[in-house]
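Visitor: Dumping the structure here so I can ask a few things about it.
Bear in mind that the values in this text are calculations on the coordinates, not laboratory data. Being a predicted model, the structure only gives us computed values, none of them experimental. In this analysis, Cβ positions are derived from the backbone assuming ideal geometry, glycine residues included, and neighbour counts consider all displayed protein chains.
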Amino acid sequence: MATDAMAHSDPSGRTARRSRFWRPQVIVPLVGVVIGILLIIGPFLATLIRSVLVWGEEGAAVSAANFTSLLSDPHFYQAIGNTLICSTGAMVLSCLLGFSLAWVVSRTDMPGRGWFEIANLIPFFLSPYVGAIAWTYLCAPNSGLIQNFFSDTFGISLAFLDIYSLGGAIWVLTLFYTPYVYLFVIAPLRRMDAALEDAARVHGASFGYTMRHIVIPLVMPAILSGALIVFVTSAGLFDIPLALLSPRGIRTMPTEIYSAVQYPADFGRAAAFGVLAMIVTVIFTLMQRRYLGRRNYDIVSGKGYRPRVIQLRPAGRVAALTLEIVYIGSGVVLPIIALLMVSFSSIWTGRFNSNFLTMENYNYVLFGYDLTQRAIVNSIQLALVGATVGVVLAVLQGYFLNRGPARWRAWIDAALSLPLGIPGIILGLGFLILAIRTPLYSTLAIVLIAYVARFFPFATRTVSSMFLAINPELEQSARSSGASWGQTMRLVLLPLLKPSLVAAWLMLFVIFIRELGATILLYAQGTETISVALVLLSERSFGYVAALAVIQLCLLLGAFVVFRLSRASLAQS
Amino acid sequence: MEPPVSPSPSHFVRIEGLKKRFGDFVALNGVSFDVDDGSTLALLGPSGCGKTTMLRCIAGLETAEEGYIEIGGKVVFDSSSRVNLMPEQRELGIVFQSYAVWPHMTVAENVGFPLKVRRTPKAEIRERVTRILKLVGLGDWYDRPATQLSGGQQQRVALARALVHEPRLVLFDEALSNLDAQLREQMRMELKILQDRLNFTAIYVTHDQAEAFALAEHVVVMNRGHIETVGLPRDVFHRPQTPFVARFLGLNVHSGTVLSVGRVPDVANHEPLDADDVYAQVRLPDGETLWGRIGQDSPPRPGDDVLVCLRREHLGLSAPSVSGGIATQALAGRNGFIGTIRASSFLGLTEEYVIDVSGGELRAIQPVSGLDAGDPVAVTVRPCDCIILSEHRTLKATQRADLKKAG
Ligand SMILES: Nc1ncnc2c1ncn2[C@@H]1O[C@H](COP(=O)(O)OP(=O)(O)OP(=O)(O)O)[C@@H](O)[C@H]1O
Ligand SMILES: [Mg+2]
């Protein structure tokens with residue numbers, strides 16, 4: 001401070017300097033960045049500190065006891081092992097399925113590919129928890145719709161199918177995470193210079209050889225990006241293990257953290273678990289950044305031809321169509337049919353029976369039960385406010401990362417992307433530790449803060465990638481025509497950014513409507529959300545759960561429809 | 001479909017009646033031509049005329065609806081007997097305009113690819129790749145990742161890859177168009193040398209006429225999916241056969257009416273005549289007359305509408321001696337007419353003029369001559385440089401005549 005005053009002893013120089021710093025275009029975006037960083041650091045530090053504290057007779061003490069007891073607990077290794085099996089399985093299957101679907105849709109003449117191209121994205125918008133519940137209706141051992149259908153019509157017993165298993169969890173995870181890989185892969189597949197493939201064919205490579213040695217290696221960076229996201233996200237996902245594995249006592253990382261904070265709560269153990277998971281996630285994310293930094297080559301040439309569409313032979317057509325039908329059927333159509341059937345039945349026995357047809361479930365959920373009514377209102381409030389706050393933060397951060405001072409950009413970008421892989425339940429734990437003795441505890445506000453903290457990086461990425469495409473000269477020319485910074489933002493930049501703002505807002509809306517992992521730790525009486533209400537109801541009645549799930553589904557599909565109509569794009573960066 | 005011409009052993013590639021459409025759009029409309037063994041054929045034409053489509057049909061990357069393609073005595077495509085070999089069965093090399101160098105491989109892996117898919121032993125691949133890389137001047141780049149190469153170097157890698165397995169036919173699709181002028185010149189020379197050394201047949205697609213004339217033994221000019229002209233570079237250049245070719249080569253094209261036809265033009269500035277040539281006197285729209293050489297086989301009759309084609313460099317400009325006087329006096333009996341300079345632009349050693357003449361404008365290139373906009377000018381041209389074509393000649397006749405000439 002003193003040296004600063006000396007260096008600028010001229011008072012007018014100092015005011016000039018200060019006024020430069022206090023210009024709105026510096027301060028306003030900086031506020032967004034600071035809020036973002038506080039939102040990340042707060043729960044992270046809280047978890048870290050809590051993990052090394054142990055409460056004894058004479059108060060808190062710093063100790064590694066939480067870690068040592070966790071690391072000597074065989075349940076810990078069981079949970080880690082099961083989580084690894086689930087997320088590895090889901091990753092491998094999603095990559096196979098995501099690549100195949102993307103290739104079939106973008107590079108062949110499969111009938112209806114324009115339609116499937118959109119349909120393949122629908123699972124992206126649905127709730128994994130509801131999906132898992134729907135699959136329990138479809139495929140519960142001995143009473144699932146699928147087993148009953150096969151034994152009733154063909155006399156085939158599918159008794160070995162059991163959705164309450166690691167295999168079942170992998171299956172449902174795969175259905176929901178395939179669109180991630182699909183989205184990553186379809187862009188390069190579509191834009192790839194066809195000459196890269198053609199050159200291989202002309203120089204003697206067969207179709208299969210070209211696929212293995214040229215096409216797949218060229219989109220490998222995209223496949224691996226998708227794979228990493230699927231791996232990290234499905235390892236941290238609480239919803240599906242809760243619905244499919246907890247009933248059989250199969251432990252996983254997120255459900256272990258959840259049970260650690262149930263009565264009798266052991267926050268130390270949960271925090272230690274969380275810290276280990278965070279470290280692994282951060283290492284993975286950094287590894288991916290380095291790998292992509294090295295291999296991100298350009299496969300789009302200036303003047304290439306459109307990639308050739310491959311004319312499928314009849315067998316190929318049948319195979320491609322089957323693949324699509326199985327995917328859309330399992331990921332969208334069958335779960336929705338099952339939910340509808342259950343939600344309109346007064347008694348559910350694993351078969352649809354028109355004698356039991358009723359509206360009572362909807363009536364009860366919508367008008368008869370204060371918990372579900374409250375949950376619906378809360379969810380919609382959280383989603384509307386949360387998405388708006390998230391998009392505002394994203395614009396400010398996007399501005400800072402693309403137009404702000406260049407010096408810290410890379411670091412701030414890395415810091416702001418950290419929550420991308422951190423499981424919701426761990427961030428929820430961090431906010432729970434932070435808020436538990438404050439008035440924020442058991443308010444909707446803390447849930448909202450956790451939502452924004454966990455998911456704003458998605459919005460920031462979407463908006464930031466749009467910033468990249470906007471030439472700064474557009475703003476500069478507005479400034480030189482006399483517009484203030486605020487006017488330039490309002491009249492030039494925001495209209496240009498609008499498609500990405502719509503996309504980001506809808507994405508956050510969808511995520512918040514269905515969020516469970518963070519909410520399950522932070523909700524209290526009065527602040528339940530739809531997803532929480534589904535969990536609470538699941539012990540009482542199939543019908544109520546299904547009806548509420550259908551209501552949530554309508555909100556999500558509504559967002560999907562708006563998304564399609566607005567022609568916003570899911571920008572990948 | 002039976003090929004109409006009996007196969008000649010010197011034709012390495014034979015293409016007959018190739019038709020290809022994209023939806024309703026006809027991209028190739030019955031294209032036929034031959035390429036001699038060991039020679040280079042240039043496919044020349046404006047953007048969108050179907051050159052790339054032609055090449056892709058030959059390579060098997062596109063399937064024509066009709067036609068016949070034979071490479072080195074092997075039928076690779078025949079719509080009548082439903083023969084259609086896959087690209088990898090046609091034993092070609094290809095160089096794309098976008099290079100199509102695979103970014104996930106090293107230079108050596110790129111170049112060795114055609115050998116690797118043919119299961120060549122490792123040691124031999126290494127040896128041949130090293131040899132061809134030396135040949136294209138990339139000897140030191142063997143193990144470098146392909147992404148580190150500059151445009152010109154990628155071009156060479158693509159070239160080496162197309163040649164390493166010693167295909168008998170190599171296809172080039174605007175292979176040099178992304179290079180700067182100097183590098184392009186150099187690569188052209190190197191291509192010639194490589195072709196002499198490796199003795200492959202080449203089909204070379206370009207829209208740059210200078211490149212086509214410099215590289216090729218024969219030139220095919222395409223227009224909207226059909227062939228306008230086939231011939232030796234000199235013939236195509238000096239004796240454009242159709243108005244389209246004339247326009248494509250940048251000639252001034254004006255309409256006129258034939259007054260008389262004769263062996264000897266009745267003007268002062270004609271050169272010693274070629275015994276085969278026939279001349280015609282043509283009346284331009286405003287009444288001026290001009291002698292020119294008839295460029296096609298069947299001469300037009302007096303009264304026919306024709307087109308007069310004038311190369312910019314062949315026009316002589318001079319200030320008329322009597323300003324505002326009678327045209328013939330100003331021209332002093334030479335073949336030409338009077339016009340007015342509208343604009344000029346400086347090109348260095350020369351200057352290009354835009355001249356208003358009756359019925360249109362004319363471009364002429366001259367050594368800097370100090371004429372200004374608004375000046376009247378006498379435009380003269382030797383009758384043998386003034387080419388007279390009729391618009392409605394059937395293309396079949398031209399093609400056949402030229403095929404004979406070229407073969
Ligand atoms: N896959 C396709 N689908 C539809 N139309 C096509 C396709 N490929 C080419 N065409 C059309 O066929 C015509 C010929 O295309 P082609 O690429 O052969 O032209 P070209 O002579 O190579 O032009 P250029 O010099 O610009 O490369 C063009 O009008 C083009 O629009
Ligand atoms: Mg082309």
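Visitor: Compute the Kirkwood hydrodynamic radius of the protein assembly as shown, taking the inverse of the mean of 1/r over all pairs of distinct Cα atoms, and give it in Å to one decimal.
Guide: 34.3
Visitor: Now for a different question. Along the stretch B:131-147, what does the Karplus equation 6.51 cos²θ - 1.76 cosθ + 1.60 (θ = phi - 60°) give for ³J(HN,Hα), rounded to whole Hz, x for Gly and Pro?
Guide: With the stated coefficients, the stretch B:131-147 comes to 5, 6, 5, 4, 4, 8, x, 10, x, 8, 9, 2, 9, 6, x, 5, 5 Hz.
Visitor: Give the relative contact order (percent, whole number) for the stretch B:243-390; include only Cα pairs under 8 Å separated by 6+ residues.
Guide: On the way: 353 pairs, mean separation 44.5, N = 148.
Once divided by the residue count of the stretch B:243-390, the mean separation gives 30 percent.
Visitor: Summing Lys, Arg as +1 and Asp, Glu as -1, what charge do residues with Cβ under 12 Å from the Cβ of B:Met187 carry, B:Met187 excluded?
Guide: Computed value for this residue: 0.
Visitor: Based solely on C-alpha atoms, express the radius of gyration and the Dmax of chain B in angstrom.
Guide: Using the Cα atoms of chain B, the pair Rg, Dmax is 25.1, 83 Å.
Visitor: Pulled fully out, how much extra length does the chain show between A:Ala159 and A:Leu384, if you take 0.36 nm times their separation in residues and subtract their Cα-Cα distance?
Guide: Details: separation 225, 0.36 × 225 = 81.00 nm, distance 4.39 nm.
Roughly 76.6 nm would be gained on extension.
Visitor: While we're here: Just grab the label-to-label distance for B:Thr340 and A:Leu565, each label 7 Å out from Cα along the Cβ direction, in nm (one decimal).
Guide: Rounded to a tenth, the inter-label distance reads 6.3 nm.
Visitor: Follow-up question, since we're still on this one. If you take the C-alpha gyration tensor of the stretch B:243-390, multiply each eigenvalue by 5 and take the square root, what semi-axes do you get, largest first, in whole Å? All intermediate terms of the calculation are to be shown ahead of the outcome.
Guide: Values: eigenvalues 122, 56, 39 Å².
Result for the stretch B:243-390: semi-axes of 25, 17, 14 Å.
Visitor: Rg and Dmax of chain A over Cα atoms: what are they, in angstrom?
Guide: 25.7, 94
Visitor: Which whole-number percent gives the relative contact order of chain A, counting Cα pairs below 8 Å spaced six or more residues apart?
Guide: Details: 798 pairs, mean separation 120.4, N = 573.
Over chain A, the number comes to 21 percent.
Visitor: Which FRET efficiency value, to the nearest 0.05, do you get for A:Gln78 and A:Val26 by plugging their Cβ-Cβ distance into 1/(1 + (r/R0)^6) with R0 = 56 Å?
Guide: The pair A:Gln78/A:Val26 has a calculated efficiency of 0.60.
Visitor: From largest to smallest, what semi-axes in whole angstrom does the stretch B:1-116 give when each is the square root of 5 times an eigenvalue of its alpha carbon gyration tensor?
Guide: Rounded to whole Å, the semi-axes are 26, 18, 14.
Visitor: I've got another one for you. Assuming R0 = 60 Å, what is the FRET efficiency of A:Tyr369 and B:Glu127, from their Cβ-Cβ distance, to the nearest 0.05?
Guide: Calculated value: 0.15.
Visitor: I need the trypsin sites (Lys or Arg not before Pro) found in the stretch A:348-408, filtered to DSSP loop residues with at most 12 other beta carbons within 10 Å of theirs.
Guide: On the way: sites: A:Arg351, A:Arg374, A:Arg403, A:Arg407; in loops: A:Arg351, A:Arg407.
Sites meeting the loop and neighbour criteria: A:Arg407.
Visitor: Turning to a different aspect of this structure: Summing Lys, Arg as +1 and Asp, Glu as -1, what charge do residues with Cβ under 13 Å from the Cβ of A:Val261 carry, A:Val261 excluded? If you can, show how the numbers build up before the last one.
Guide: Numbers: positive: A:Arg50, A:Arg269; negative: A:Glu256, A:Asp266.
Net local charge, A:Val261 excluded: 0.
Visitor: Would you please give the residues with an amide H less than 5 Å from that of B:Thr106, counting only those at least 5 places away or on a separate chain, with H modeled from the backbone geometry?
Guide: B:Ala146
Visitor: Would you kindly state how much longer the chain becomes between A:Leu71 and A:Thr358 on full extension, computed as 0.36 nm times their sequence separation minus their alpha carbon distance, in nm to one decimal?
Guide: Full extension of this stretch gives 98.2 nm more.
Visitor: Which FRET efficiency value, to the nearest 0.05, is calculated for B:Ser255 and B:Glu185 with the Förster distance at 45 angstrom and r the Cβ-Cβ distance?
Guide: So the FRET efficiency works out to roughly 0.75.
Visitor: Count charges around B:Lys134 for me, please; just the other residues with Cβ under 14 Å from its Cβ, Lys/Arg as +1, Asp/Glu as -1.
Guide: So the environment of B:Lys134 carries a net charge of +2.
Visitor: List the pairs from B:Lys19/B:Lys51; B:Lys51/B:Lys192; B:Lys74/B:Lys122 whose alpha-carbon separation is above 19 Å, in the order I gave them.
Guide: B:Lys51/B:Lys192; B:Lys74/B:Lys122, as the Cα separations exceed 19 Å there.
Visitor: Roughly how many nanometres apart are two label points built 7 Å out from the Cα toward the Cβ at B:Glu391 and B:Arg247?
Guide: Roughly 0.9 nm, to one decimal.
Visitor: Next question. If the only charges are +1 at each Lys and Arg Cβ and -1 at each Asp and Glu Cβ, what is the size of the charge dipole of the stretch B:243-390 around the Cα centre, to the nearest 20 debye? Write out the running numbers ahead of the final one.
Guide: Values: 11 positive and 18 negative charges, 13 e Å.
Magnitude of the dipole: close to 60 debye.
Visitor: Now, a different point. Under 8 Å for C-alpha pairs, at least 6 residues apart: give me the relative contact order for chain B, rounded to a whole percent.
Guide: About 15 percent, as a whole number.
Visitor: A further question follows. Using the basic label-point model (7 angstrom from Cα toward the beta carbon), what is the A:Ala414 to A:Arg290 distance in nanometres?
Guide: Each label point lies 7 Å from its Cα, and together they span 1.1 nm.
Visitor: Find, among the trypsin sites (Lys or Arg not before Pro) in the stretch A:530-570, those assigned to loop by DSSP (not H, G, I, E, B) with at most 15 other beta-carbon atoms within 10 angstrom.
Guide: Values: sites: A:Arg540, A:Arg564, A:Arg567; in loops: A:Arg540, A:Arg567.
Counting only loop positions with at most 15 other Cβ atoms within 10 Å, the trypsin sites (Lys or Arg not before Pro) in the stretch A:530-570 are A:Arg540, A:Arg567.
Visitor: Next up: Could you give the DSSP H helices of chain A that reach 18 angstrom or more along their long axis (alpha carbon positions) and whose average Kyte-Doolittle hydropathy is no lower than 1.6?
Guide: A:24-51, A:216-236, A:494-514, A:542-565
Visitor: Could you list the chymotrypsin sites (Phe, Trp or Tyr not before Pro) in the stretch A:145-214 that lie in coil according to DSSP, counting only those with at most 15 other Cβ atoms within 10 Å of their Cβ?
Guide: The qualifying sites are A:Phe154, A:Phe160.
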